[in-house]
Each structure stands twice: as structure tokens, then as C-alpha cells.
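The values are calculated or read from the model by the stated rules, or taken from the named source; none is laboratory data. Here the structure is a predicted model, which is why all the values come from computation and not from measurement. Heads up, the Cβs are rebuilt from the backbone with ideal geometry, glycines too, and the neighbour counts pull from every protein chain shown.
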Amino acid sequence: MSSMRAVVQHAFGGPDVLRVEEVPRPEPLPTEVLVRVHAAGINPVDWQTRAGHGMAGVLGEPPFIPGWDVSGVVEEIGFGVTTLKPGDEVYGMPWFPRAAGGYAEYVTAPTRQFARKPESISHEQAAAVPLAALTAWQALVDTADVQPGQRVLIHAAAGGVGHLAVQFAKHLGAHVTGTASSGRHDWLKELGADELVDYNTVRFEDAVKDIDVVIDLISVHHDNTSVRSLDVLRPGGLLVAIPVGVSPELQEAAESRGLRTSPFLVEPDGPALTRIAGLIDAGEVSVEVEEVFALDQVAQAHTRGEKGRTRGKLVLRVAS
């Protein structure tokens, strides 16, 4: 059986539990493709799961290979695959929230959980896209059904999901407000933000009003952001609570004011990734990668990510 290099964790814990090992290479089942991974995106759910939170309840006890975001080249196709062929460059977020094994030289997954990689960007940039972009896209398009002229507030606008959500909301014709530190404001204006609030100096509820949709990427656990966001919504407005969902208390508080809430969890979505690739190649959406790490530097990458304040995304370079 062929082998490959992969990041494996044998216990929950800090970044030091992540080790690069030789493991068996997967084989594609019917309707699946084997993808040689060039780069893997790093997301907050990765280090949360590594520590025993996040999707740990779905993945079960270690050992497992972390990671969901990948960009690479189709190496082999299973029986029945007709939409992709060996040599095609693809990107995707396979299997989420089940284990995908993205921090590895090869992954297998159903072909329709992938899409052709945007031609105008590198594999490192493409690997930064799927989970963050699908989260932003599905929240704005499928959950909130944002329409032209609506007012959207995006918390943590400079992060991986946030900077893409700003651009998607603008593409949809919304008036976009974001919360971010002042050092990120000029960049976010270039991405399309109409208004920005420095959360270090201003309480956003004192500066923002008449919002139709709040994309909450912070949650109630940090400075009560979710509950405070209810103060800025118009009657009938919607709060999409992404990191931890909607507590009974938050739902009750919203309903008492005539407001709506929605929990959210991203899903694999090849067709949406195809649309997103089109926006990237058309120059309407840009992808920010703050730093690229070698696979052997995975513990360092997680340490950097957990410190927060990342501009865009962190990525692992898997293929040399």
C-alpha cells in the first residue's frame, strides 16, 4: 500500500500534539476523486477541534488527520466520475464536519464536493478559500437572502470569513458595515466596506443602526456581542450566529423585540465554489493570505492562529 505524509494527532491538546507522520494513502471509492494536496487552509475550527472542542464530538477520539480546506490536483478518479479527470486543478472543503484529513499529501472525497480551482490565484491562496468563503456565501445568500439595498453588519470583518463576507455582501448590492481594529480599515474599504467601526474605541451599538442582517462571527461569549447586536437590527432583522449558534436566551431576547435569529453551520458545496471561483477570476473578490507555513511547521501555524488578529487566512504548503 502506498504511503503519504500527513499531520496526525493522537490526543487532544495544544499545538504540540500535531505530528507529521507516514500513513497509508487513501484510495478513491466510486464517485470519488483522489486529490494530491498542494496546500491546506487553516481555520479556527481546526485548533478548536485539536483542543477537544469544535468538531471533536463529530470526529470522535484521536488519532485523526485534521483539516478540511484543500487545493490540489486530481490524481485519480473512482468509477462513475465524469466531471473531473486526472490533472484537473481543484479546491474544496470535503466531508465537513466529518473528518476530511486535509493536512495530508492526498485526500479522497466525492467529486461534487470539489470545484475547479480559480485560475488566477495560487494553490496557497485557493486553499484559504473554501471553508471561509462557503461560510460567508451560505450565510449571506442561502440563510439571510441578502438583497440589494439592505444593510449588513459583519463582525470580525478582517478575519478569514469576514473579509470574504464583506466582498460577497457588496457583490449582492448591500450597504456593508464591519467591525475591525482601525489598522484594518483602509484595507477593508478597498474590499468594499462602506462603514467601519473600531471595536477598541467604540461600542458598535452606539455607532450603527437600522441593520437588516448581522453576520456574527464573534458570538455571545466575547463581550456579549450577539445580544448587543440585537440593538442595531431593524424590526424583523436577522442575526446569523455562526460560531456557537443561538442560545434559548438569545432567541427569547430576539423574539421579544420582533427580531429573527438563525444558527449556522457550513456545508460542502461544489456549485457555490464554482460561482466563487468565477468572482475571484473576474477580479471581484480577492483572497488574503497572511502567512504560509510548511507542513512541518503546523504546530507553529496553530500557535499563530490562536493568538488571533489574523488578517485573512493562514495556510500550510503541503506539496514541495
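Points worth noting:
- Within segment 296-309, no residue that is under 17 Å from residue 162 (Cβ atoms) and acidic (Asp, Glu) sits with its Cβ atom under 7 Å from a residue that is modelled with pLDDT of 95 or more and not in a loop (DSSP other than H, G, I, E, B) at 6+ positions apart or across chains.
- Condition met for residue 211 (closer than 17 Å to residue 168 by Cα, at pLDDT below 95 and in contact with a Leu (Cβ under 9 Å, 6 or more places away or on another chain)): no
- The residue that is surrounded by the fewest Cβ atoms within 10 Å (Cβ to Cβ), among those in segment 217-240 that are under 30 Å from residue 283 (Cα atoms) and modelled with pLDDT under 95, is 218.
- When residues in segment 82-100 are screened for being under 16 Å from the mean Cα position of the chain (by Cα) and closer than 15 Å to residue 130 by Cα, 8 of them pass.
- Across segment 57-87, the number of residues qualifying as in contact (Cβ under 8 Å) with a residue 60 or more places away in the chain and surrounded by fewer than 18 Cβ atoms within 10 Å (Cβ to Cβ) comes to 0.
- Selection within segment 41-56 - surrounded by 18 or more Cβ atoms within 10 Å (Cβ to Cβ) and polar (S, T, N, Q): 43, 49
- Selection from segment 1-28 of residues that are part of a loop (DSSP other than H, G, I, E, B) and crowded, with 17+ Cβ neighbours inside 10 Å: 25, 26, 28
So that you can scan it fast, the table gives a plain yes or no per residue for (1) assigned by TED's automatic domain parsing to the domain that holds residue 313; (2) aliphatic (A, V, I, L, M); (3) surrounded by fewer than 23 Cβ atoms within 10 Å (Cβ to Cβ); (4) free of Cβ contacts under 8 Å to residues at least 40 places away in the same chain:
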| position | (1), (2), (3), (4) |
| --- | --- |
| 138 | no, no, yes, no |
| 147 | no, no, yes, yes |
| 159 | no, no, no, no |
| 165 | no, yes, no, no |
| 168 | no, no, no, no |
| 174 | no, yes, no, yes |
| 180 | no, yes, no, yes |
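- Among (1) assigned to a loop (DSSP other than H, G, I, E, B); (2) on the phi < 0 side of the Ramachandran plot - the single one residue 115 does not satisfy: (1)
- Here is the figure for segment 128-151: residues that are over 12 Å from residue 265 (Cβ atoms) and among the β-branched types (Val, Ile, Thr) total 3.
- Restricting attention to segment 260-274, the residues being surrounded by fewer than 21 Cβ atoms within 10 Å (Cβ to Cβ), in contact (Cβ under 8 Å) with a residue 24 or more places away in the chain and not small (Gly, Ala, Ser) number 6.
- The single condition from (1) of a type in the set (A, V, I, L, M); (2) buried (at least 20 other Cβ atoms within 10 Å of the Cβ); (3) out of contact with any Phe, Trp or Tyr (no Cβ under 7 Å at 6 or more places or on another chain); (4) outside the structural domain of residue 180 (by TED's automatic domain parsing) that residue 282 fails is (2).
- Scan of segment 242-282 for residues that are within 25 Å of residue 111 (Cβ to Cβ) and either in contact with a Cys (Cβ under 7 Å, 6 or more places away or on another chain) or in a helix (DSSP H, G or I) (or both), ordered by number: 270, 271, 272, 273, 274, 275, 276, 277, 278, 279, 280, 281
- Every pair of residues 6+ apart whose Cβ atoms lie under 6 Å, when the first sits in segment 88-112 and is assigned by TED's automatic domain parsing to the domain that holds residue 46 and without any contact (Cβ under 8 Å) to a residue 60 or more places away in the chain while the second is part of a loop (DSSP other than H, G, I, E, B) and aromatic (Phe, Trp, Tyr): 100/68
- Residue list for segment 97-118, filter: among the hydrophobic types (A, V, I, L, M, F, W, C), within 17 Å of residue 54 (Cα to Cα) and out of contact with any Leu (no Cβ under 7 Å at 6 or more places or on another chain): 100
- For segment 18-54, filtering for residues that are at pLDDT below 95 and in contact with a strand residue (DSSP E or B) (Cβ under 6 Å, 6 or more places away or on another chain) leaves 0.
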